[in-house]
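Everything below concerns the one structure shown next.
The values are calculated or read from the model by the stated rules, or taken from the named source; none is laboratory data. Not measured: the values here are computed from a predicted model. Cβ placement follows ideal geometry from the backbone for every residue including glycine, while neighbour counts extend to all protein chains displayed.
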Amino acid sequence: MYLPLLKLSPAEMIALENLPERDKDALRPIFPLRHWLSTKTLDRAFDRIEKAYGLRGAFVLPPAPPKPDDLSPTAQEIRALLDSADGYSRWCELFRTGRAQHSIPVLQLADASQFDLQAIAMLGLGRGAMVPFTRSAFSVLPAIATRVAALSGLGTDITFLIDLGKEGRTLLLQQAELTSIVDRLLQLCPNATVAISTSSFPASFTSLPRQEIYERQLYQHMRGQFGDALHYSDRGSARAESRGGGSTDPYPRIDYPLSGEWLFYRTETSIAYKGGYTKIASKLMNTPSVWDPRLRIWGTQMIEKTHLGQTGGISSPARSTAVRINLHLHRQLWFDSPSALYETDDDWQDI
């Protein structure tokens, strides 16, 4: 199973929404909960998830704590969900009868004294659960896993998420440490599964025509030891961190994901955005060793429209990002079944 961790951002939701329905049935995304754009409540976030993914049952991670001086309705709603009183009762209620009632519960770890009460309530819903660990929580990992084992039948229907955030090539140097962590989790909870999620997508593209997908390499190295107990996860080829300061890419760029690497096509002049995207889409499609005309999904259709100068193609960094993520999700989902790449359920018209 592929468990991409996707932000509630326009590009990532457009990419997911435009996947073939068969893909949506086969993957299970993880959404860190937050407000949708500038809306005042979290309801719109769930509306956007349902529009993109339906009611298939995604993982919903707890939201990040708001700033202390944020008194907005959304901030107040988030504070209530993060309140650990009565076993995180408001968080549990969200999954029991609230907007997350079709989602898979994710357990909060901040208050260890409330963990058992929360876990009992969430597991009682019969949908399994996810237990997420960031690096800052590695120290409590054995204690939490021990409690999970006791409450869930040695980890039955439990997925542990090891969230590493932003990583680069050095990710591969952490294989021994991560193997030890996964092995320890599965010793304590032999019926559980584990996913390691990170992003090695680059922050700069100057003189960078391609980059290997290091998170995929790490998974391929580790899967032989753990088999089906280890799930693949990543950030869907998005960055783990937000780009602050209003920074923009200086030149139009189209990224073309392959199974094991990203290829970066960009202009080297300050050519107008629309013309720039058309130029590089044409360059990409005219590279036979790279372009696969048999792959018929939304992302390839957008590149073809751009090549032909048609409306609705790639004309902005956000749309280019959505195309990359759409293609990446599809390729990683069917990494072990190359023929399935071409078995889409969409009706495409020649353009």
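From the list L123, L94, the lone residue that is surrounded by 15 or more Cβ atoms within 10 Å (Cβ to Cβ) and within 15 Å of L33 (Cβ to Cβ) is L94. Please tell me if L172 is assigned to a helix (DSSP H, G or I) and in the same structural domain as A26 (by TED's automatic domain parsing). Spelling it out, L172 is indeed assigned to a helix (DSSP H, G or I) and in the same structural domain as A26 (by TED's automatic domain parsing). Of the residues screened, R99 is not one that is free of Cβ contacts under 8 Å to residues at least 12 places away in the same chain and in contact with a helix residue (DSSP H, G or I) (Cβ under 6 Å, 6 or more places away or on another chain). Filter the stretch 302-317 down to the residues that are at pLDDT 95 or above and surrounded by fewer than 21 Cβ atoms within 10 Å (Cβ to Cβ) and list them by number. Of everything in the stretch 302-317, those that are at pLDDT 95 or above and surrounded by fewer than 21 Cβ atoms within 10 Å (Cβ to Cβ) turn out to be E304, K305, L308. Can you find a residue in the stretch 176-191 that is of a type outside the set (D, E) and either within 20 Å of G236 (Cα to Cα) or outside the structural domain of F133 (by TED's automatic domain parsing) (or both)? No: zero hits. Within the stretch 186-230, the set of residues being within 21 Å of L141 (Cβ to Cβ) and touching an Asp or Glu at 6+ places or on another chain (Cβ under 6 Å) comprises S197, T198, E215. Of all residues in the stretch 127-173, how many are under 19 Å from T198 (Cβ atoms), basic (K, R) and in contact with a helix residue (DSSP H, G or I) (Cβ under 7 Å, 6 or more places away or on another chain)? Of the residues in the stretch 127-173, 1 are under 19 Å from T198 (Cβ atoms), basic (K, R) and in contact with a helix residue (DSSP H, G or I) (Cβ under 7 Å, 6 or more places away or on another chain). Considering the conditions (1) among the basic types (K, R); (2) at pLDDT below 90; (3) surrounded by 16 or more Cβ atoms within 10 Å (Cβ to Cβ), K279 is excluded by exactly one of them, (2). Taking each residue of the stretch 36-60 that is on the phi < 0 side of the Ramachandran plot and looking for partners that are among the acidic types (D, E) and assigned to a helix (DSSP H, G or I) with beta-carbon atoms closer than 6 Å, six or more apart or interchain, yields L42/E77; A52/E17. Checked against the criterion of being assigned to a loop (DSSP other than H, G, I, E, B), closer than 22 Å to P252 by Cα and in contact with a Lys or Arg (Cβ under 9 Å, 6 or more places away or on another chain), the stretch 286-309 has at least one qualifying residue. Within the bounds of the stretch 151-169, is there any residue that is within 21 Å of the chain's Cα centre (by Cα) and assigned to a helix (DSSP H, G or I)? Yes, the stretch 151-169 has at least one match.
May I ask you to verify whether Y265 is crowded, with 20+ Cβ neighbours inside 10 Å, of a type in the set (F, W, Y) and either under 23 Å from the mean Cα position of the chain (by Cα) or part of a helix (DSSP H, G or I) (or both)? For Y265, the condition - crowded, with 20+ Cβ neighbours inside 10 Å, of a type in the set (F, W, Y) and either under 23 Å from the mean Cα position of the chain (by Cα) or part of a helix (DSSP H, G or I) (or both) - is not met. Reported count of residues in the stretch 179-197, each being in contact with a strand residue (DSSP E or B) (Cβ under 6 Å, 6 or more places away or on another chain) and either modelled with pLDDT under 95 or part of a helix (DSSP H, G or I) (or both), is 2.
When G246 is tested against (1) at pLDDT 90 or above; (2) under 25 Å from L16 (Cα atoms), just one condition goes unmet, and that condition is (1).
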